[in-house]
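Since the structure comes first, as structure tokens, the remarks are kept for the end.
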Amino acid sequence: MEQRPPGEQRDHLEMSLRLAQTAPLLALGGYAAPGLRETADRIINLAQRLDESAHVFPARILLLVNHAMLAEYVQARQLVD
């Protein structure tokens, strides 16, 4: 991705790739999978930048469950508020 010029097209491509990455991460490591939090955070960031709010909620749920599975209840609660 770093080789592509910054811009909306690159952001759309990265978001598509990040969305596709979530299923394998969940399959291999469950909701506590390494990399899941970074992927969900990035999806949220890209979706907000691209005004694609439909992707924000599912990514926030991934983050919420990730925090809960790692017993990070304060962080999980902050996502709910």
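Is it true that some residue in the stretch 66-80 is open to solvent by 40 Å² or more (accessible area, probe 1.4 Å) and under 11 Å from the mean Cα position of the chain (by Cα)?
Looking for residues that are open to solvent by 40 Å² or more (accessible area, probe 1.4 Å) and under 11 Å from the mean Cα position of the chain (by Cα), one finds none in the stretch 66-80, hence no.
Kindly indicate the residue of the stretch 18-32 that is closer than 14 Å to Met69 by Cα and out of contact with any Gly (no Cβ under 9 Å at 6 or more places or on another chain) and also most open to solvent (accessible area, probe 1.4 Å) among those meeting that condition.
Narrowing the stretch 18-32 to residues closer than 14 Å to Met69 by Cα: 26, 29-32.
Still in the list and also out of contact with any Gly (no Cβ under 9 Å at 6 or more places or on another chain): 26, 30-32.
Numbers: Leu26: 50, Gly30: 25, Tyr31: 100, Ala32: 41 Å².
Selected residue: Tyr31.
Given the criteria closer than 25 Å to Gln9 by Cβ and open to solvent by 80 Å² or more (accessible area, probe 1.4 Å), does Arg49 qualify?
Numbers: closer than 25 Å to Gln9 by Cβ: yes; open to solvent by 80 Å² or more (accessible area, probe 1.4 Å): yes.
When the stated conditions are applied, Arg49 passes them.
Tell me, which residue of the stretch 1-40 that is in a loop (DSSP other than H, G, I, E, B) and farther than 18 Å from Leu62 by Cα is modelled with the lowest pLDDT? Before the answer, list the steps.
Restricting attention to the stretch 1-40, the residues satisfying the condition of being in a loop (DSSP other than H, G, I, E, B) are 1-7, 33-35.
Keeping just the survivors that are farther than 18 Å from Leu62 by Cα gives 1-7.
On the way: Met1: 70, Glu2: 75, Gln3: 80, Arg4: 83, Pro5: 81, Pro6: 83, Gly7: 89.
Across the stretch 1-40, the extreme among qualifying residues is Met1.
Give the residue, chosen from Ile43, Ile61, that is assigned to a helix (DSSP H, G or I), buried (at least 16 other Cβ atoms within 10 Å of the Cβ) and within 10 Å of the chain's Cα centre (by Cα).
On the way: Ile61 fails: buried (at least 16 other Cβ atoms within 10 Å of the Cβ).
The unique qualifying residue is Ile43.
The values are calculated or read from the model by the stated rules, or taken from the named source; none is laboratory data. In this text, all values refer to a predicted model and were calculated from it rather than measured experimentally. Cβ: placed from backbone, ideal geometry, glycine included. Neighbour counts: every protein chain shown. In case anyone asks, the SASA skips ligands and DNA or RNA and just uses the protein heavy atoms, side chains included. Shrake-Rupley method; radii C 1.70, N 1.55, O 1.52, S 1.80 Å.
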